[in-house]
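Enquirer: Here you go, one structure.
The values are calculated or read from the model by the stated rules, or taken from the named source; none is laboratory data. On a predicted model such as this, the values are computed, not experimentally measured, just so you know. Note: ideal-geometry Cβ built from the backbone for every residue, glycine included; neighbour counts use all protein chains shown.
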Amino acid sequence: MLYITHLPAGLMSGFVVLAATGTGLIHWPVGLLAAGLGSLAPDLDHGRSYLNQSLERTAENAGRKIPVVGTVAGGVGVFATRTVNRTFARVVKHRGPMHSPLTLAFVIVLLLQHWGMLAAVLGQPVTSGIQTIIESRGLVGLAWSCFFFGYISHLAADAVTDNGIRLWPFRFKLRLPLVKTGSVIERRVLAPGLWLAMLVTAGQAILNI
Ligand SMILES: [Zn+2]
């Protein structure tokens with residue numbers, strides 16, 4: 001799917017996590033930023049995705065702020081970012097490991113293990129598991145939780161496209177071909193519908209504080 005579809009879905013998952021965990025409003029921007037990034041991160045394996053291009057533009061704009069030297073530094077920055085993006089995309093195939101629920105589960109387990117919280121979190125329902133993470137790790141825990149939920153929303157959305165997602169490293173595909181990526185249905189119906197749903201979710205989350 002396109003970033004115009006992934007972003008509202010990711011933000012919506014962020015609002016759900018924030019509301020469900022009773023996180024204070026002051027910390028919402030962190031959670032929403034993380035969920036938004038999480039919802040766009042899997043397509044970094046594309047090389048030319050929205051997030052890839054944003055990174056390149058950031059390098060260019062950062063350079064523009066300083067005269068002469070900045071233009072050169074910005075140019076080098078863009079070149080470096082683009083090279084990293086393209087090389088990464090060539091090594092990590094699109095819709096390969098970055099789009100696999102198994103890789104994601106593995107990373108989450110590794111992180112929880114690193115924090116020494118694996119048993120404590122896995123033994124609980126999802127909401128209290130996230131609360132435990134936030135209590136123990138603070139804003140970092142909140143950011144990672146929202147990031148992962150944004151990421152999950154991306155995989156779920158791609159799973160209902162014509163291409164589906166692979167259970168990498170296996171060949172098995174999760175695929176329910178409801179929408180064709182980039183189609184009129186996605187651009188005119190699904191994406192606007194998700195932006196609207198995201199706003200409704202945001203409203204409900206704020207009213208429930
Ligand atoms: Zn994707």
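So that you can scan it fast, the table gives a plain yes or no per residue for (1) touching a residue at least 60 places away in the same chain (Cβ under 8 Å); (2) aromatic (Phe, Trp, Tyr):
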residue: Phe106; (1), (2): no, yes
residue: Trp115; (1), (2): no, yes
residue: Ala119; (1), (2): no, no
residue: Ile130; (1), (2): yes, no
residue: Ile134; (1), (2): yes, no
residue: Val140; (1), (2): no, no
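Enquirer: Out of the stretch 16-57, which residues are out of contact with any helix residue (DSSP H, G or I) (no Cβ under 7 Å at 6 or more places or on another chain) and either within 16 Å of the ligand (Cβ to nearest atom) or within 19 Å of Gly129 (Cα to Cα) (or both)?
Expert: So in the stretch 16-57, the residues out of contact with any helix residue (DSSP H, G or I) (no Cβ under 7 Å at 6 or more places or on another chain) come out as 22, 24-26, 29, 33, 48, 53-54, 57.
Once the filter is applied, which keeps residues that are out of contact with any helix residue (DSSP H, G or I) (no Cβ under 7 Å at 6 or more places or on another chain) and either within 16 Å of the ligand (Cβ to nearest atom) or within 19 Å of Gly129 (Cα to Cα) (or both), the stretch 16-57 yields Gly22, Gly24, Arg48, Gln53, Ser54.
Enquirer: Also, quick follow-up: Please indicate, with yes or no, whether at least one residue in the stretch 71-88 is closer than 26 Å to Val179 by Cα, of a type outside the set (Asp, Glu), at pLDDT 85 or above and in contact with a helix residue (DSSP H, G or I) (Cβ under 9 Å, 6 or more places away or on another chain). Walk me through how you get there before you give the answer.
Expert: Taking the stretch 71-88 as the starting set, the residues that turn out to be closer than 26 Å to Val179 by Cα are none.
Within the stretch 71-88, none of the residues are closer than 26 Å to Val179 by Cα, of a type outside the set (Asp, Glu), at pLDDT 85 or above and in contact with a helix residue (DSSP H, G or I) (Cβ under 9 Å, 6 or more places away or on another chain).
Enquirer: Anything in the stretch 152-180 that is assigned to a loop (DSSP other than H, G, I, E, B) and either in contact with a helix residue (DSSP H, G or I) (Cβ under 8 Å, 6 or more places away or on another chain) or buried (at least 16 other Cβ atoms within 10 Å of the Cβ) (or both)? List them, or say none. Before the answer, list the steps.
Expert: The first filter runs over the stretch 152-180 and keeps only residues assigned to a loop (DSSP other than H, G, I, E, B), leaving 160, 162-164, 167-172, 175-178, 180.
Selection gives Val160, Asn163, Gly164, Leu167, Trp168, Pro169, Phe170, Arg175, Leu176, Lys180.
Enquirer: Kindly indicate whether any position in the stretch 58-72 is within 16 Å of the ligand (Cβ to nearest atom), more than 16 Å from Gly150 (Cβ to Cβ) and outside the structural domain of Ile165 (by TED's automatic domain parsing).
Expert: Start the filter on the stretch 58-72 by keeping residues that are within 16 Å of the ligand (Cβ to nearest atom), which leaves none.
No - not one qualifying residue is present in the stretch 58-72.
Enquirer: From the list Leu167, Leu112, Leu122, which one is farther than 23 Å from Leu11 by Cβ, at pLDDT below 95 and more than 16 Å from the ligand (Cβ to nearest atom)?
Expert: On the way: Leu167 fails: more than 16 Å from the ligand (Cβ to nearest atom); Leu112 fails: at pLDDT below 95.
The conditions single out Leu122.
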